[in-house]
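Asker: Can you read through this structure? Questions will come right after.
Read the figures in this text as sums done on the coordinates, not as results from a lab. In this text, all values refer to a predicted model and were calculated from it rather than measured experimentally. Because the Cβ atoms are built from the backbone with ideal geometry, glycine has one as well, and the counts that use them run over all protein chains shown.
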Amino acid sequence: MNDEQLLDADPYRPIAGRLDGAEQHLLEEIMSVPLVPSVPVRPLRRRLVGAVAAAAVVTGVIGASTLLPERSAPPPVTLPSAAPGTSTGGAGAGHQLDLTYATSHPRLLIDEPGWKLQVIYGFAGGTGTVDFHKGDRNVGMTWYPADSYQSYFADRLDVGEPRATRVAGVGAKVFTYSRDDFAVMLDPRDGTFVEIRVQGGGVSRSYLDELLERIRRVEPEEFLAALPPEVVTPGEATAEAEKALTGVPRPPGFDAGRLGLDGAYTPYQFQARVVKLAACGWAGAWVRADRAGDDMAAQTAIAALRGSRKWPILREMDESKRGDWSRMLWRTIGEQNPDMPLDVQRVAGCNE
């Protein structure tokens, strides 16, 4: 294999250098579109108040996921448009969206200091995940639709016989995976059920029982106040999406105000969600153009996807080293095959 073949086989080599003349010209045109004005970072409006100042917040988790898992969800909320330079969160319609989100899912806090939120994402209350760490301990919860409780419960019976307890006023069952790994399934309430996973050094059965006694359910306003300022809530999603998409070519019909970003997200999960929608938009544009026999539109979509190594959002995600979303996409668009957009759809889970 010669040097040129090795370069062609390298999925991390900049793609633009391998485009033919027509695709290179298209890519240059696409990447020269005016950039969306940057949206200033929103002010620190959420404060830990009252007892929350000494408490860590918990609303759900499985292990901290670096790739945003997709689950079925109710129809997305249509977010209000926001002018560049404004924040939709904290007041008015934006705050109402936040309250709607917070009202629609379990709101559980741990009244114990020292827990740090690592990951949060949730979709309109039907499902959601939050991950907290304290030293080498992990406490998290995941919430699911209530009608899936029995199937999850049956699966947990393979772990062993549960013991009964109560958490935040709700009946629950404790399953022991190991001496420092426990799963706690709460009985369904308000259309959802929560599973708490407690793991890590020093997590004994006695510690678990003490911890469960400190978990409490709070009102939506208190829950929102306890979220760290970097968490993106539904009322902030439009402005933050515009900011994240700076320098990214928009697929036809792409509107950041109608992306269905109706959950709360920590930054990496929010970026992954936004960039997935952009990549899927271009992949979908290629599929439509291919079916219609529109070669120019199809080539434009391919050039946009192959230019994704220049997307600032993907570069920032890659540099953060919090996940592999960027490299996963770059490896996929680096494959020289005419159906590359279909591979993007598959890898990114566009149809899920």
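Asker: Taking N as the number of residues in segment 200-352, what value does Rg over Cα atoms divided by 2.2 N^0.38 Å take?
Answerer: The value comes to 1.32.
Asker: Right, here's the next one. Would you please state the base-10 log of I(q)/I(0) at q = 0.29, 0.30, 0.33 1/Å for segment 138-178, with intensities from the Debye formula using one equal scatterer on every alpha carbon?
Answerer: -1.29, -1.29, -1.22
Asker: Further question: Nearest 0.05, what FRET efficiency do Arg315 and Leu342 give at R0 = 22 Å with Cβ-Cβ as r?
Answerer: Numbers: r = 25 Å, r/R0 = 1.14.
Computed FRET efficiency for Arg315 and Leu342 comes out at 0.30.
Asker: Once you put a point 7 Å from the Cα of Arg189 and another 7 Å from the Cα of Asp136, both along the Cβ direction, what distance in nm separates them?
Answerer: Each label point is offset 7 Å from its Cα along the Cβ direction, giving 3.3 nm.
Asker: Place +1 on the Cβ of every Lys and Arg and -1 on the Cβ of every Asp and Glu in segment 129-253, take the dipole about the Cα centre, and give the residue among Pro188, Leu211, Val248 whose Cα lies farthest towards its positive end.
Answerer: Looking along the dipole axis, the top candidate is Leu211.
Asker: Against the empirical 2.2 N^0.38 Å scaling, what ratio does the C-alpha Rg of segment 218-292 come to?
Answerer: Details: Rg = 14.9 Å, N = 75, 2.2 N^0.38 = 11.3 Å.
My calculation over the Cα atoms of segment 218-292 gives 1.32.
Asker: Using the Kirkwood formula on the Cα atoms of segment 289-344, what hydrodynamic radius do you get, in angstrom to one decimal?
Answerer: 12.1 Å
Asker: Shifting gears a bit: Could you order peptides 264-277, 143-156, 243-256 by the average number of other Cβ atoms within 10 Å of their residues, highest first?
Answerer: 264-277, 243-256, 143-156
Asker: Can you compute log10 of I(q)/I(0) for segment 117-259 with the Debye formula, treating each Cα as one identical point scatterer, at q = 0.14, 0.17, 0.21 Å⁻¹?
Answerer: For segment 117-259, the Cα-only Debye profile gives -0.77, -1.02, -1.38.
Asker: Placing +1 on the Cβ of each Lys and Arg and -1 on the Cβ of each Asp and Glu in segment 107-175, which of Thr165, Gly114, Gly126 has its Cα farthest towards the positive end of the resulting dipole?
Answerer: Gly114
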